[in-house]
Each structure stands twice: as C-alpha cells, then as structure tokens.
Number of protein chains: 2
Amino acid sequence: MKTYKLIDNPSRKLWDSLCMRPLLDHQNLKNLCREVFESVSIKKDVALLAYTEKFDQVKLSSIYLDEKELQKNAYQIDEPLKIAINQAYENISQFHIAQIPQAVKLETFPGVFCTQEFRAIEKVGLYIPGGSAPLFSTLLMLAIPAQIVGCKEVVLCTPVNRSGKIDAALCYAAQLCGIKQILKLGGVQAIAALSQGTERTSPVYKIFGPGNQYVVAAKQYAQEQGVAIDLPAGPSEVLVIADDSANPDFIAADLLSQAEHGPDSQVVLLVTNVDILEQVMLKLDEQLESLPRRNIVKLALSQSRFIVFDDLDTCIDFSNVYAPEHLILSIDKADSYLSSIQNAGSVFVGNYSPESAGDYASGTNHTLPTNGYAKSYSGVNIDAFLKKITFQKLTAKGIAKISPIVETMAKAEGLEAHALASRLRREFVENKGE
Amino acid sequence: MKTYKLIDNPSRKLWDSLCMRPLLDHQNLKNLCREVFESVSIKKDVALLAYTEKFDQVKLSSIYLDEKELQKNAYQIDEPLKIAINQAYENISQFHIAQIPQAVKLETFPGVFCTQEFRAIEKVGLYIPGGSAPLFSTLLMLAIPAQIVGCKEVVLCTPVNRSGKIDAALCYAAQLCGIKQILKLGGVQAIAALSQGTERTSPVYKIFGPGNQYVVAAKQYAQEQGVAIDLPAGPSEVLVIADDSANPDFIAADLLSQAEHGPDSQVVLLVTNVDILEQVMLKLDEQLESLPRRNIVKLALSQSRFIVFDDLDTCIDFSNVYAPEHLILSIDKADSYLSSIQNAGSVFVGNYSPESAGDYASGTNHTLPTNGYAKSYSGVNIDAFLKKITFQKLTAKGIAKISPIVETMAKAEGLEAHALASRLRREFVENKGE
C-alpha cells in the first residue's frame, strides 16, 4: 500500500463517477433459478437433497436439523462466546424493542375514526451463508426482530460446514432466538425451499439475509415470483471522514475491517488534509501484515478511493451523494454534523465508535442498504418484520357528513358506483333521521 | 347477474386456488422499456417528446407544465370540487402527520448510545395515469405524505388529456401539495423520465403511483435499475364479509364500486347465509343498470367469487389467506374481529364505512397492496417517504467495556480486522487510564 492514488478536491462533476459501484448482473443465473424453483415446487425434499448433493457435494439424509441435534450442537459453544452472544442479544433486543411503533388512532373528521395498526409478517425465511465462518451475528440481527414482533413461523436456512454440521454458535444463537425450523440448505435451493416450502415447512412471505451471487440471484427471482425480500444486494462498503482529530491507527483498522469482507468491498476515505492520510497509510501497512485475510484485504484496498477535500461540509455533501452503507465520522464535534447526514445506512460517531461495535453488539442492526440504496431504503429494523394496516369506522353522523365530499370527488373521477356506495348510506341515515 | 355461482363451504384444500389472482407477466415489455430508458438517458427531452408523439399521438412543444399554466388550469376547478378536495386534503394530512415516527434514543449498554432517526427521501417521482378521468385523489394520496415529510424534489408525471391539457382538479391538487415540477408525460417514457432525469429535473430515488401494463413494466424495469418503487403491481380488489346484519343495498354498491375499476378487478363476497347473498344479487341487478361503466362492471363481476361459510371465524380465516387490498366487514360486532385480521391493506368496519370513504376523503391512504402482497407489504403511508438511519456513539468507558464482547464475536467469525478496530480503541482508552 505504499503507493496510493490521492484524489485532490474533485469537482462536483466528477462526484457521480467517484460514487460508482460495481455493476451487478445476475440475469445469467435466472434460468438456473427457474429450474431449481420449479423442481423444488414439485419434488420438494427429494429435489432439495439432490441439489445439495449436486451443487454442494454434500449428501444429507434429511434437510431438517432436528431439536435434539440443535441442542447437542448448541451445547458445544465456548463459554466466552456464549457470554458475548448473550450480551449482544440483550443489546440488540433492547434497541429493536424500542423501535416498536405505536398504533395511530384519530378522529380525522366528525364521526370518522381512522386507525393504523401493525401486524407481524406471519412467515419469514432467514438465510445465513456458510463458507469459512458461521455468521451467527447476522442470525442475531434477523432473528431477534422476528422474535420480538412474534412472526409465527421463522424458517432458517444455512448450509452445513465441512464436517457436515451446523456450527455451535449458530445453533446457540438460533436457540436463543426461539427458532424451531432449521433447514440444512445453502445457495439457490435454500431460497427455493423458503419460497416454495418443503415437506414440513410452508412457503414464507419474506426472505432476509445475505449471500453469494447465487443467493442474490435466487432472492431476486423469488421477488419476481411475489416473495418480498429485505434489501437489494451489493457488496459491503464504508465511507470514513477524518480530520486532524482522528486517530490514524483507528482509521486504518476501520478501513481494513471493511476490506476483509471480500475483494469487492468498497472502501472510501475522505480527509481534510493530506497528513492524516499519510499517517493512515503507514498504519495500514503495519496492521495489514498481521491479518490472516490480507490477500482479500489487499484486493479490496486496491479499489479503494482516498479523497481530500478542503472542508468538512464538502466531505458530508460527498458522503450524501455516495450514500454509504456505513459512515464513520472521526471528526471533531462530530455531533454537530449529524443533522446534515441525509443518506447513509448506519453512522458511527466519534473516535470510540468502530463499525465492528455495530456489526456485533451495540444494538443497531448490521443488515444495511449498500450500493447507494441508502438514498431510498432503510436498513433492516423492526418495521421490516411488520405490515401496517389501516382501519376506518364511520358513525351514522360521520358518513352523513363526509358523504357529499366523497360523492363530489367520485363523480369528478367518473366513478359513479363509488359515489353510489356512499350516497346510499347517507340517504339511509338521513331517512332514518339518525 | 341473475345467475351466479355460489361456492358452498369450500374445504381448506381449495382455499389456495380460490385465492388465486390473475398472472401478471410483463417480461415481453422489457425490451421496449430498455430501449426507451436508454434513449431517454442519452437524448433526454428530445426522446421524451418523440416517444410522446409516437406512443400517445400527442405533439408537445415542451414536456414541462410551467407555473403560469398550472395556475391558470387550477383556477378553472369547480367550486364544490375545490371545497371537497380541500377537506380531503385536510383529513389525509391529519392522518399522515399522526404517523410521523418518533426518533429512538437508547443507552443500550453503559456508554453505548444508539439512536434511530428518519430522513425524507430527497427525490421522489409521482405517476398519475391519464385516461378517461383525472385521478386527483391518487395525487393527494402520494403528494400529501411527500409534502409532510419534506421531500426536497417531487416530480409529477401525468399525460395530457384529449384537449392537450392537464385537468383542472389535478392542477389544483398539485398546487395544494406544493408540487413545482410537472412533466406532461405518460407511459414508459414517463417512468424513464423519472428514473433518468430530464433536462430540468434530476433522476428520482423512488417512484410512486399506479398505471397500465406499460407503466407497471416500466416501474419493474426501473426497480431492476436500482430505483425504488412503492409497491408491486396487481389489479384492485375487495373482499366483503357480510352476515345477517348487513344491508344488501350497501354491499351491492360496494361490490360495484370495486368492479367499476376495470375488467380485471377482483371481487370476493363471503356470507354466513345464502339469503343475504340472494338479496345482494337482486340489488346488484337494480343498481347495475344505472351505471355508465356497466360493461366494465359486468366483466369484472363475471370473475367474482361468492362463497358461503358457516361461521364468521372461518370467513376471517379465509380473508387472511386471501389477504385482500380492501376488506369490508359488514358484520355484527365487527370491532371484536379486528384483532384477528392479519393480512389486509385497509379495513372498512361496519355498515357505515364504504370503501369509497377511504378512497377519497376519510384520511387513510388508498395506495394499497394487491395480489396477496398484504401478507408482507404495507400500503403507502408516511414510512414510504422516509428512510431510517441508525447512529451510535460510544464513550471511552463504553468502548472499553463492550470491546471484549466485540473482539470475541469477531474472532469467532474469522474477522480479525473487526476485532482489531475495537481492540485498538480499548487499549488506547486503557493506556490513557480514562
């Protein structure tokens, strides 16, 4: 990293190109998804077992992790990890409970009572990828809100590891969150199982969770088939804004922790002077050598953007155009800039707030909009597991009084039956003399 | 309508097929959408004018409705309609203001402060279809919440009518909602203009509003390109549950007001005895003859489903499986069933609450999930114009105390740099003795 390209005060015309993300195109996987979904919808578990053998080279006797196996696996968790997960569970629960919305009740007009209530989405599917390490933290982020709102059915899909098992920490987290239905499935077939149902689980209404390009393509396909999904996909990203008050050691570690997610991770650093950047680079080199995932990290860093702007306000403006998944503000008086943050997934304020705190244990959710989607999407929060339904009840007086308004508007839109449905009730009330 | 098919106590096995909606497939319009979007992204207004001439046979000199023309058109609204729209505006505003969420602030762990705040989506596009009548009510439903939350840019697209103008009521409603940017565009090119921007308007982040199959296909295409949309599409629908306390005249008018939306409108009536159904049918025949749109109505009714169940609980169960856009409860003690409603867009409670009240003036939003999407989606409400962002700030004590948890979890997931970012801060605080 001794050489890096510094972008010096780019003009606004260049911002759009500096904010570009890698193009994602999963259209080529669509035929595969269609085949797997159709096969799973007809042959259910037989198809799921066959695809798992074909794609994952794993021969399962059953796709279901039974209660005994769950308990046995969960029991094997290390004690310090168990204690850590318990505390994270506690913090995440608290912050998500605090987000539960209030019902809205209002008499909008004399005799017209409108309410908005929420209901849990009854059936949700959670996908947790396999790979080198079990992402039990992501399971906590998705299963805790589902548990809080009381989704009736929560189906977890995760592939078995190299020893043919589901990891202890994952099982422990699942147990903690009250998950009863666990399918040993990964990839396209896992998303097909969630969408189409299996012999023991019903199709879910919404699918949550990250995954590789196959999972992303399958979630997209599921969405086209009418199943809701949590968020559109994109590689993880961080934008760090640092001024003279920043600690270069901390910044370097923050950049590395983003970069270690994968070679396509997006790392952007904005600074208000070049000195801090040079110090960060020195620290990067130092820290990098100790990391087991340094090859991935180097690839991601080679794509990173280092930009210097004259002032903090311009940094914030640029960040709002970039709309980062994670925004770290290592700047003096960071609090005074928060109201200017328009587009971001989650914001880490000040020198003692690393992204990893939010990734694991502070209480905020780490499933966040990437790829600029923070301009229009929220990260996963309690709302993602709810639907809001409106109700209205009109009294005799209410319909008599509001009906002329409804009739006038309906007729002006040429919808005579709409006017009629209101008028008949008004006349009924008037005739009854209520 | 003298003949109708009554479905008598269908077994649960048949419910899924009774809840089927028409299949929507807009894949065949995808190439058209791609062509229009690409052309608009390059040639902007020149392309928009050309497509409007080609698809709509309308030759415009400019796609923009200027302030003067807006005022002039709006001024021509009928006085009674103006008064009605003013009252609807008032009621809808009140109910949506009441939905504005509270910020969440919490110390989840000693020294760990998490907050969730909301921000308006900065740029939104509203589409209002043309056709036989101007849907000013839909404009109110979309523009009022945008105005309340303070979206910075609101771009309205609507095609001109046969006289080459934008209707007075639509202009009046736009003015009332503070809309400044109005494009005289319809169809695929309108959605392309919103997504790609024009010479005077920037690309929007989210598109709202109904439309024909071209608009639906274009919104789907925009979504694939990264623009958020309000809701997946489907024809409008109502499910009415009626018992002996229902008024057949009211029910008939409610069914007709759904049916008049279009030949693909979905009408479902559940009753607890056959007598009420027969009375409704008589009233339907009576009312039908007076309707200007009776041909459309007859087509829709020919596809409708009339089902008798022995008890109200089963009616509610069926409704939850169907997940109707609109649910009308014309039943005794309707209030006592509300907590059992799991899946519905908007619910109309009791004999004096016609759907048309909610469609126009009571205050609830009429942009609602169709096609069974009420199982996982909410109707448009204030949230649809907001994003929620989380923030966290840890004190020195906070990071020192939570860091061991973060480090343990990060290491167990194999993410060493994540652990490092936390550990460096913890050690710094410990060394400083803070």
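Nothing in this text is a laboratory measurement; each read-out follows from the coordinates by a stated rule. All values derive from a computational prediction rather than experimental measurement. FYI the Cβ positions are ideal-geometry reconstructions off the backbone, even for glycines, and counts take in every protein chain you see.
Farthest towards the positive end of the charge dipole of the protein assembly as shown, among the residues B:Asn91, B:Pro101, B:Ile341, is the Cα of B:Ile341, using unit charges on the Cβ of Lys, Arg, Asp and Glu. Shielding by partners for peptide B:227-239, expressed as the average number of C-beta atoms from other protein chains within 10 Å of each residue's C-beta, is 1. Between the C-alpha center of the range B:194-238 and that of the range B:99-116 there is a gap of 34 Å. Loop-resident GluC sites (Glu not before Pro) (DSSP state other than H, G, I, E or B) in the range A:164-241 with no more than 13 further Cβ atoms inside 10 Å of their Cβ: A:Glu199. Projecting the Cα atoms of B:Leu284, B:Asn295, B:Cys315 onto the dipole axis of the range B:268-342, where Lys and Arg carry +1 and Asp and Glu carry -1 at the beta carbon, places B:Asn295 farthest toward the positive end. Taking the alpha-carbon centroid of each part, what is the distance from the range A:256-314 to the range B:351-414 in angstrom? Taking the Cα centre of each part, the range A:256-314 and the range B:351-414 sit 32 Å apart. The slack in the chain from A:Asp317 to A:Gln225, taken as 0.36 nm per residue of separation less the alpha-carbon distance, amounts to 29.3 nm.
Assuming R0 = 30 Å, what is the FRET efficiency of A:Val46 and A:Asn212, from their Cβ-Cβ distance, to the nearest 0.05?
The formula returns an efficiency of 0.75 here.
For the segment B:103-109, counting C-beta atoms of other chains within 10 Å of every residue's C-beta and taking the mean gives 6. Would you please classify the overall shape of the protein assembly as shown from the alpha carbon gyration tensor, given that a ≥ b ≥ c denote the square roots of the eigenvalues, rounded means a/c under 1.5, and beyond that prolate means a/b larger than b/c while oblate covers the rest? Prolate shape, in that a/c is at least 1.5 and a/b is the bigger ratio. Fully extending the segment from A:Arg34 to A:Lys152 would add 39.7 nm, taking 0.36 nm per residue of separation and subtracting the current Cα-Cα distance.
Scanning chain A for DSSP H helices at least 18 Å long along the axis (C-alpha atoms) with a Kyte-Doolittle mean no lower than -1.0 picks out A:30-56, A:79-97, A:136-149, A:274-288, A:396-412, A:416-432. FRET efficiency for the pair B:Lys5 and B:Leu338, taken as 1/(1 + (r/R0)^6) with r the Cβ-Cβ distance and R0 = 22 Å, rounds to 0.15. What the Cβ-Cβ distance of B:Asn431 and B:Ser245 gives, at R0 = 51 Å and to the nearest 0.05, is a FRET efficiency of 0.10.
Looking at the range B:283-340, the GluC sites (Glu not before Pro) that sit in a DSSP loop and have at most 12 other Cβ atoms within 10 Å of their own Cβ are B:Glu289. From least to most packed, judged by other beta carbons within 10 angstrom and beginning with the fewest, B:His326, B:His261 follow the order B:His261, B:His326. Give the shape of the range B:26-177 as rounded, prolate or oblate, defined through the alpha-carbon gyration tensor: a ≥ b ≥ c are the square roots of its eigenvalues, a/c under 1.5 means rounded, and otherwise the shape is prolate if a/b is larger than b/c and oblate if not. Because a/c hits 1.5 or more and a/b fails to exceed b/c, the range B:26-177 counts as oblate. Counting neighbouring beta carbons within 10 Å and listing from fewest to most, the residues A:Phe109, B:Phe385 come out as A:Phe109, B:Phe385.
Each Lys and Arg adds +1 at its Cβ and each Asp and Glu adds -1 at its Cβ; summed about the Cα centre, chain B shows a dipole of about 1900 debye.
Across the copies of the chain, A:Asp332 has label points (7 Å from Cα along Cα→Cβ) spaced 7.6 nm apart, shortest distance listed first. In the range A:180-264, a dipole from Cβ-located charges (positive for Lys and Arg, negative for Asp and Glu) runs towards its positive end, and of A:Thr201, A:Ile191, A:Leu231 it is A:Thr201 whose Cα lies farthest in that direction. When the pairs A:Lys387/B:Lys184; A:Lys30/A:Lys375; B:Lys152/B:Lys388; A:Lys333/B:Lys397; A:Lys397/B:Lys333; A:Lys375/B:Lys393 are compared against a 24 Å limit on Cα-Cα distance, A:Lys387/B:Lys184; A:Lys30/A:Lys375 fall above it. Would you mind giving the mean number of other chain beta-carbons within 10 Å of the Cβ of each residue in A:285-295, as a whole number? Mean shielding by partner chains, rounded to a whole number: 2. Charge dipole of the protein assembly as shown (Cα centre as origin; +1 on each Lys and Arg Cβ, -1 on each Asp and Glu Cβ, all else neutral): 900 debye, rounded to the nearest 20. Dipole magnitude for the range A:277-434: computed about the Cα centre from +1 point charges on Lys and Arg Cβ and -1 point charges on Asp and Glu Cβ, it is near 1120 debye.
Protection proxy ranking for B:92-98, A:311-317, A:120-126, using the average of other Cβ atoms within 10 Å per residue and placing the highest first: A:120-126, B:92-98, A:311-317. With the helix formula -39500 (n - 2.57) applied to DSSP H stretches of n ≥ 4, chain B reaches a computed 222 nm mean residue ellipticity of -14000 deg cm²/dmol. Once you order the gyration tensor axes a ≥ b ≥ c over the Cα atoms, which shape class does chain A get: rounded for a/c under 1.5, otherwise prolate or oblate by comparing a/b with b/c? In terms of gyration-tensor shape, oblate. Note on chain B: with a GNM built from Cα contacts shorter than 10 Å, the maximum mean-square fluctuation among B:Ser302, B:Ser257, B:Ser132 falls on B:Ser132.
Label-point spacing for A:Glu278 across the identical copies (point 7 Å from Cα in the Cβ direction), in nm and ascending order: 9.6. Across the copies of the chain, A:Pro292 has label points (7 Å from Cα along Cα→Cβ) spaced 7.4 nm apart, shortest distance listed first. A DSSP coil position with no more than 10 other Cβ atoms inside 10 Å describes the following trypsin sites (Lys or Arg not before Pro) in the range A:1-63: A:Lys2, A:Lys5, A:Lys59.
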